[in-house]
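Inspection log for the structure reproduced underneath, given as C-alpha cells.
The values are calculated or read from the model by the stated rules, or taken from the named source; none is laboratory data. No experiment lies behind these values; they were computed from the predicted model shown. All Cβ positions, glycine included, derive from the backbone under ideal geometry; neighbour counts span all protein chains shown.
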Amino acid sequence: MYGLDIFPVEGGKPYRLTRDTQILCYLTSYQIGPEDWPHYRQPKKTRSKVIHEAMEYEAFAIPRVASVYMAVNDYAYFQGITHIRMEGPVLRYEYVYDNVQVQDPQMAKRANMVVDIYGIPLPDSTKPTYGVEWYGAFQGFRSAITRNTQMTYCVFRQKIHLEGGRYWSLPTTLPHLDKCVVFYHATNPQAEVSYLAHKKQLYSSAQTDIYVCVFVSGMVLTPKRRWGLSLYSEDGTLVFNTDYLPFTRGKSMELLLREGSVETPYSLPLVCATSQFVNASYQDDPIDWAKRNTGIRFRGKQIFVSERIRDAHRQHHVEQRIPFYVLNGSHYF
C-alpha cells in the first residue's frame with residue numbers, strides 16, 4: 001500500500017497515510033455546566049445544540065467527560081449524558097441524573113461535562129482553501145489538511161504498568177493537559193480500569209499493562225527536525241507537521257450498563273477515557289437501587305463494563321447507556 005509515512009519524533013511505530021486514512025480535524029468543544037443542571041431531572045429528554053463550526057463537515061461527537069459524580073455543599077449527585085450523536089451540524093444528547101447518599105473523597109467539587117466535535121470536510125464543501133487533499137477508496141470520502149485545519153496530534157503513547165488498586169497520572173509536561181483526550185486499552189481481561197477526568201488519573205482494580213494514547217488539539221507546532229512535511233497558513237502559522245501522529249477516525253459505540261459487553265471492529269480497541277459512569281446507579285428491583293463503581297475491561301475485540309456494589313438507596317429509574325469512542329489501536333502500537 002502506498003501513501004505518506006509519518007515517523008514521529010518520540011519514536012515508536014510509524015504511521016502511513018493512505019487513500020483509506022480518515023484524519024479528523026478539531027472543530028470545537030461544547031460544555032454542559034451548572035446552567036444546565038435543572039434539566040438532569042428530565043431523563044431521556046433529548047437536548048440539541050447547533051454546532052456552526054460543523055456546517056460543511058461530516059461531524060463526530062467525542063465525549064471527553066461524559067459523566068461526573070459531584071459534591072455540592074453537603075449534597076452529592078451523579079450526572080451524565082448519553083445517546084450522544086451528530087445529526088448533520090446538530091449535536092444531540094440525553095441527560096442522566098441520580099441523587100446519591102454517600103459522598104466519595106474522589107468526587108469533584110465542581111465540574112463540567114465536555115463533548116469535543118471533530119470533522120471531515122464534505123465532498124461538496126465550499127470553503128475556499130488549499131493544502132493537502134486526497135480522495136479515498138470509499139465513495140464520496142475526502143480527507144484534507146488545509147490552512148484552515150486545526151489538527152489533533154498524539155503527544156503521548158506508551159504501554160504503562162499499573163498495580164491493582166493504584167492510580168497513574170498523566171505526565172504534567174504534556175501540552176494543553178486541561179484539554180487532552182485520553183485513550184487506553186488494558187491487557188489483563190480481569191482488570192477494571194476507570195478514569196478520573198478532574199484528576200487526569202487512570203485507576204485499575206488489578207495488575208495490568210495499559211496502552212495509553214493522549215491527543216491534544218490547538219498545539220503550537222515548532223518543527224523539531226529539518227526533514228518532513230509541513231503546511232503553513234497565509235500568516236505563517238504552522239498548521240501541520242509530520243513530527244506527530246494525527247488523530248484518525250474511529251467508531252462511536254454505546255453499551256447498556258446491564259448488558260455487559262460490546263464487540264468492536266478492532267483487534268486492539270483503544271477506548272476514550274471519559275469518566276465512563278464511574279459511580280453509576282441503576283434499579284435492581286422496584287424498590288432498591290444499587291449504586292456501583294464501574295470500570296472498563298477488555299478481552300480481544302470486546303469491551304466490558306464492570307460493576308461493584310457501593311451502597312443501596314431508593315431513586316427513580318433511568319436507563320444508562322455508556323457512550324464510547326473507540327480507536328484502532330494497531331494504528332498507534
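The numbered conditions (1) polar (S, T, N, Q); (2) in a strand (DSSP E or B); (3) under 29 Å from Pro171 (Cα atoms); (4) at pLDDT below 70 are all true for Ser143 except (3). Number of residues in the stretch 168-182 that are surrounded by 14 or more Cβ atoms within 10 Å (Cβ to Cβ) and either modelled with pLDDT of 90 or more or in a strand (DSSP E or B) (or both): the value is 4.
For beta carbons closer than 7 Å, sequence separation of 6+ or different chains, a first residue in the stretch 12-28 that is without any contact (Cβ under 8 Å) to a residue 40 or more places away in the chain and a second that is surrounded by 14 or more Cβ atoms within 10 Å (Cβ to Cβ) and of a type outside the set (Val, Ile, Thr), the qualifying pairs are Pro14/Phe7.
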